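**Q** Below is a structure I'd like to ask you about.
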Amino acid sequence: MESLTFNIDNGYLEGLVRGFKCGILKRDDYTNLVQCETLEDLKLHLQSTDYSNFLANEPSPLQVSTIDDKLKEKMVIEFQHMRNHAVEPLSTFLDYITYSYMIDNIILLITGTLHQRSISELITKCHPLGSFEQMEAIHVASTPAELYNAVLVDTPLAPYFIDCISEQDLDEMNIEIIRNTLYKAYIEDFYKFCEETGGATADVMCEALSFEADRRAFIITINSFGTELTKDDRAKLYPRCGRLHPDGLAALARADDYEQVRAVSEYYAEYKLLFEGSGTNPGEKTLEDKFFEYEVKLMVNGFMQQFHYGVFYAYVKLKEQECRNIIWIAECVAQQHRTKIDSYIPIF
Amino acid sequence: MGYLAYYSGTSVVLSVLTLVGLYYLLTDQGYRVDFGWFLEETSPYMWAYIGCSMAIALSVIGAAWGILVTGTSILGGGVQAPRIKTKNLVSIIFCEAVAIYGIILAIVMSNIVQKYPSDASDKVIAANYASGYKLFGAGLTVGFSNLFSGLAVGVVGSGAALADAANPRLFVKILIVEIFASAIGLFGVIVGILQVSNAKMGEAAGAN
C-alpha cells in the first residue's frame, strides 16, 4: 500500500531525484572525457552534460582541486534543495545520510587541530554536506570528554559518542578508533531506522547498509595488519548489521593475514567473487575497486523500485562515485599519465 | 504499534458482537434479530440515494487519489525533463474519466427516483422496493470499480511519467497498461447501467 500514500509527501522529490539520476554521466560521456588532452578540454566536454557551465567563472589555469570542489558543490546544492523540501520521515532519512559526512568532518577537524593547523583552513576542507553549527568550536577540546561536553552534545551525533568517551587522549591511533566507533554506531542506527520504515525502503537500504558494514569490517581488518591495534579492539569496531555478523566477524577478529581474510570471504557468495577477482598486480583491480563496483551495482538496482527512500541514498552514492571518476580522469589528464585512465568505474 | 491497535480493535469489535448475539440466542429472544423486518421497514429511497451517493463519491475519491499519485510524479519528473509535461496529461485525463463515469451514473440514478403514494397497490410498492435495491447495487458497483480503477491508473501513470522522463520511447508502451487499468472502470459502468436499466420508481412502477 506504500504506492498509494508515498506520493502524497514524497512524489515530487522522487521525480526530482530521478531527474537528477538521468543526468549522471553515461559510458559515452566517459569515452569523451577520457580522450581529453587538457583540463580545458575536460571543461568543454562537461558543458554538454548535466553539469553545463559549472566551471564558467573559474580563472584559468584550471586546477583539479577546483574541479573537485565545484563537482561537490553541485551535488550539495541539489541535496540541500531536496532536504529543504522534505517532510518526515524523509527528512530524518536525508539527515542520516549527512551524518557520515559529519563524522568525517569532525575527525578531520580534530586531526588538524592536533597538528596545529588553523581552524579556518580546516573548515574549507570539510565536506559541505556534513557541516553543523559548532564546527568552529572544535579546537578548544583536548580530550574526548571535553570535546563531547563542549561541542558535540548539541549535534545529532551525540548518541554515537557514548562508546568513545572512555578514551583517555586524542592521539593519532585513537582518532581512527574514534572514527570507526562513531561510524559503527551510526550505521547500526541507520540500519535500524530503515528496518523500521519497512517496505521497499528496507529492501534496498538494508542490503546497501549491510554491504557497507561488511566492507568496513574487511577494510578495518586488512588495514590493521602490522599496526598496534589488538584483535579485541579490532573486534569492537566491526559494525554488526551486515551479513558477516556474528560468525564472519568472529572469524575476522581472529585473522592474522590477508589469506585468512580471503578464507572468511569464501563463506559468503557475493564477497567470494569480490575477493577472487582482485589483487595488487598490474592489470587486476584492487579490492577497493571491486567494493566500489559492487556498491555501484547495488545503487543502480535501488532505482529499479519506485516509492521508497532508497533512491535518495543511491543518488548521493552514485554522484560521489561520479565525482571520484571525473577527478581520476582529470588527474590522469593533468599529469599526462594516461596508462590507468580507464580505471574509472562506469555507472550506467 | 500499528499492529497492536489493529488487533485490539478487531478483537474488541468481534467479542462485543459475539456477546450480543449469544445474549439474544440464550435468552430466547432470537426472533428479535429480524432481517426481514429491517428490509420492510426501511424506505427504498434510502437505498436508492445511498447508491447514488456511493456512485459519485467513491468515483471521485478514486479519481482524486489517482490524480494525486500521478500528478506529483509528473511535476517532479518535469523539472529535469520538461518535455513530459504535455504528454503525461493523458494519465490525468484517464483518472478524470473515472469521475465522469461516476457522475453519469449518479445523474441517471437520481432521475429514476420518484415518489409513490403510501396507499398504492402491493405490486407498485414491491416494484419500488426492488428499484431501491437495484439502485443501491448499481451505486456500489460503479463506486467501487471506479475507486480501484482510479487508483490503478494513478499508480501506473506515476511510473509512466518517471519512465518517460528517463527514456521517451517507453511512454507509449506504458500507456497501454493504463488503458487496461481504465477499462476496468468502464466494466463497472456497463454493469451499473444494466442494473438500473429496468429500475422504475413511482406510481407507474408496477405497470408491466
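Just so you know, all these numbers are worked out from the coordinates, no wet-lab data involved. Here the structure is a predicted model, which means the values were calculated and not measured. Here the Cβ is made from the backbone with ideal geometry for all residues, glycine too, and neighbour counts use every protein chain on show.
**Q** Quickly estimate the mean residue ellipticity at 222 nm for chain B, helices only: each DSSP H run with n ≥ 4 gives -39500 (n - 2.57), and the total goes over all residues, rounded to 500.
**A** -28500 deg cm²/dmol
**Q** A further question on this structure: Using Cα pairs closer than 8 Å and at least 6 residues apart in sequence, work out the relative contact order for chain A, in percent. Please report the intermediate quantities before stating the final value.
**A** Details: 343 pairs, mean separation 74.7, N = 348.
It rounds to 21 percent for chain A.
**Q** Show which lysines lie in cross-link reach of residue A:236 when reach means a straight Cα distance below 26 angstrom and same-chain residues fewer than eight apart are skipped.
**A** A:184, A:192, A:272, A:290
**Q** Using alpha-carbon pairs under 8 Å, 6+ residues apart, how would you state the relative contact order of the stretch B:1-150 in percent?
**A** Details: 137 pairs, mean separation 61.5, N = 150.
The value is 41 percent.
**Q** Another question about this same structure. Give the residue from B:8, B:72, B:33 lying farthest towards the positive end of the charge dipole for chain B; charges sit on Cβ (+1 for Lys and Arg, -1 for Asp and Glu) and the dipole is referred to the Cα centre.
**A** Toward the positive end, the furthest listed residue is B:72.
**Q** Once phi is turned into ³J(HN,Hα) by the Karplus curve 6.51 cos²θ - 1.76 cosθ + 1.60 with θ = phi - 60°, what whole-Hz value does each residue of the stretch A:225-232 show in order, with x for glycine and proline?
**A** 5, x, 10, 8, 6, 6, 5, 5
**Q** Could you pull out every one of the lysines with an alpha carbon less than 16 Å from that of residue A:72, ignoring same-chain neighbours closer than 8 positions?
**A** In chain and number order, the partners are A:21, A:43, A:125, A:317, A:319.
**Q** Normalising by the residue count of the stretch A:194-285, find the relative contact order in percent from Cα pairs under 8 Å and 6+ residues apart. Let's see the in-between values first.
**A** Numbers: 73 pairs, mean separation 20.5, N = 92.
The normalised contact order for the stretch A:194-285 reaches 22 percent.
**Q** While we're here: Under 5 Å between amide H atoms, partner at least 5 residues away or on a different chain: which partners does residue A:285 have, H built in plane at 1.01 Å?
**A** The answer is A:279.
**Q** Further question on the same structure: Quick one: Karplus J couplings for the stretch B:112-129, per residue in order, coefficients 6.51, -1.76, 1.60, θ = phi - 60°, nearest Hz, x for Gly and Pro?
**A** Coupling constants for the stretch B:112-129: 6, 5, 9, 8, 10, x, 6, 9, 5, 6, 4, 4, 5, 4, 4, 5, 5, 4 Hz.
**Q** Taking θ = phi - 60°, what integer Hz values does the Karplus form 6.51 cos²θ - 1.76 cosθ + 1.60 yield along the stretch B:105-111, in sequence order, with x for Gly and Pro?
**A** Karplus-based 3J(HN,Hα) across the stretch B:105-111 equals 5, 5, 5, 4, 5, 6, 6 Hz.
**Q** Specify whether the C-alpha gyration tensor of chain A places it in the rounded, prolate or oblate class, a ≥ b ≥ c being the square roots of the eigenvalues: rounded for a/c under 1.5, otherwise prolate if a/b is larger than b/c and oblate if not.
**A** Working: a/c = 1.21, a/b = 1.19, b/c = 1.01.
Here chain A falls in the rounded category.
**Q** Oh, and also: Helix B:44-80 versus the longest principal axis of chain B: what angle, 0 to 90°, nearest 10, using Cα atoms?
**A** Around 10 degrees separate the two axes.
**Q** Apply the membrane-span-like helix rule to chain A: whole DSSP H runs, Cα extent along the own long axis of at least 18 Å, mean Kyte-Doolittle hydropathy at least -0.5. List the helices found.
**A** A:2-22, A:90-114, A:172-197, A:199-224, A:287-302, A:310-335
**Q** A follow-up question, please. Among A:45, A:308, A:115, which comes first, second and so on when ranked by fewest other beta-carbon atoms within 10 Å?
**A** Listed from fewest to most nearby Cβ atoms, that is A:115, A:45, A:308.
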